[in-house]
Amino acid sequence: MGKLLENLHLTLLVGLVLALGLMFQFHHAELTSPAAWGAVFRWLHVFFGITWIGLLYYLNFVQIPTMPTIPADLKPAVSKYIAPNVLFYFRYAALLTVLTGLIIAWCNGYLVEAISFAKGFQLIGIGMWLAAIMAANVWFVIWPNQKRALGIVAADDASKAKSARMAMLASRTNTLLSIPMLYAMATYQSLGG
C-alpha cells in the first residue's frame, strides 16, 4: 500500500477505478442515460472545483503570507519548483471547472437561462458568471504576471515586483469572489433560484 501511495499518478488512477466501480455497482443499468452523464460531469465539476479553489486558498492562506518569512536562500525552491507546479494545476483546474459547469448547465437545459439570469436561474447564473470572471482572471491576469514574477519569462526586477503585486491582487480578488460564488453554487443545488 505504501508504494501505491508514494506514486501520485497511481493513487489518482486507483481512486478513479474505485469511483468507476461505484458507478457500475449503483448505476450500471443507467450508464448510457443522459442523467448518468450529468452525474459524471457533476462529479468532475466538483473534483476540478475543489482542486481550483483549494489551490487558490493554499496560495492566499499559506504561500503568499509565508513567503516574506522564508530565508532568501530558500525562496528559489518555492519560486522555481513549487509555485510553477501549483500554477499549472491551478490554471487547468479553473478551466476544467468552468468547462464541466457549462456542460452540466447545457445537459440540464438551463445554460441560456443561467447566463442570462432568467427567473429561477439568477443564483446559479451569478455563480457561473463569478466563476467565469475568476477563471479569466487566472488565465489573463494571474498567470501572465506570475510568469514574469517567477522568472519563467524574462523581466527586469522592477517588472517582476510589479507583476508579483498584480498577481497577488488578482488572486485576492478571486479569493473575495470565491466566497459568494461558492454560496451561489451550493445554495442553488439546495434551494434553487
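What follows draws every value from the coordinates through simple rules; no lab data is involved. A quick note: this is a predicted structure, and the numbers were derived from the prediction, not measured. So basically every Cβ, Gly included, is an ideal-geometry build from the backbone, and we count neighbours across all protein chains shown.
Values for this structure:
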quantity	calculated
Listed peptides 93-101, 79-87 by packing density, highest first (mean Cβ within 10 Å)	93-101, 79-87
For segment 56-98: rounded, prolate or oblate by the Cα gyration tensor [a/c cutoff 1.5]	oblate
Inverse of mean 1/r across different Cα pairs in segment 34-191, Kirkwood, Å	16.7 Å
Number of Lys pairs (Cα under 23 Å; 8 or more positions apart or on different chains) in the chain	8
Total charge dipole magnitude, segment 34-191, about the Cα centre, Cβ charges on Lys, Arg, Asp, Glu only, Debye to nearest 20	200 debye
